[in-house]
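Q: Can you keep this structure in mind? I'll have questions shortly.
Derivation of every value follows stated rules applied to the coordinates shown; laboratory data play no part. Given the structure is predicted, the values throughout are model-derived calculations rather than measurements. Reconstructed Cβ throughout: ideal geometry from the backbone, glycine too, with neighbour counts over all protein chains shown.
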Amino acid sequence: MNRKERRAARKAGELDTTAFIDAADRFIDLANRENRKIEATRLHMVFLYAAARYNAFVAKQILHVEKHEEFVEHQVNEYRDMLRQHLADETLDPPPAD
């Protein structure tokens with residue numbers, strides 16, 4: 001997809017890979033700022049709650065999902081795959097101890 005096509009897609013409300021990652025990075029930046037006041041061990045649950053709440057809103061108000069359990073299973077599977085990918089990402093490993 002060239003630059004012009006990406007702009008047109010974004011204008012139509014679509015996310016290309018770059019826009020997807022940029023949007024995710026903005027949420028991560030927010031988490032890092034909030035982490036100055038809230039412990040990471042608590043903050044990650046805040047983000048899970050917010051994601052669940054927003055996904056329920058989208059399911060009910062935007063997608064008009066009738067089969068809630070099927071939607072839940074799909075979302076859980078997507079999250080599981082993403083979490084496994086990130087846990088396997090060595091760039092997230094803590095620095096080696098001296």
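Q: Charges only on Cβ, +1 for Lys and Arg, -1 for Asp and Glu: so what's the dipole of the range 58-98 about the Cα centre, in debye to the nearest 20?
A: Charge dipole, the range 58-98, about its Cα centre: 260 debye, nearest 20.
Q: Springs between alpha-carbon atoms under 10 Å, Gaussian network over the chain: tell me which of ALA51, ALA19, ALA88 tops the mean-square fluctuations.
A: Maximum fluctuation in the GNM of the chain, among the listed residues, is at ALA88.
Q: Here is a follow-up. Loop-only trypsin sites (Lys or Arg not before Pro) in the range 33-73, please: DSSP not H, G, I, E or B, and at most 15 other Cβ atoms within 10 Å. Display every interim value, and only then the final one.
A: On the way: sites: ARG33, ARG36, LYS37, ARG42, ARG53, LYS60, LYS67; in loops: ARG36, LYS37, LYS67.
Those satisfying the criteria are ARG36, LYS37, LYS67.
Q: Tell me the GluC sites (Glu not before Pro) within the range 1-50 that lie in a loop according to DSSP and have at most 13 other beta-carbon atoms within 10 Å.
A: GLU14, GLU39
Q: Within the set of other residues whose C-beta is less than 10 Å from the C-beta of THR18, count the net charge using Lys and Arg as +1 and Asp and Glu as -1.
A: Result for the neighbourhood of THR18: 0.
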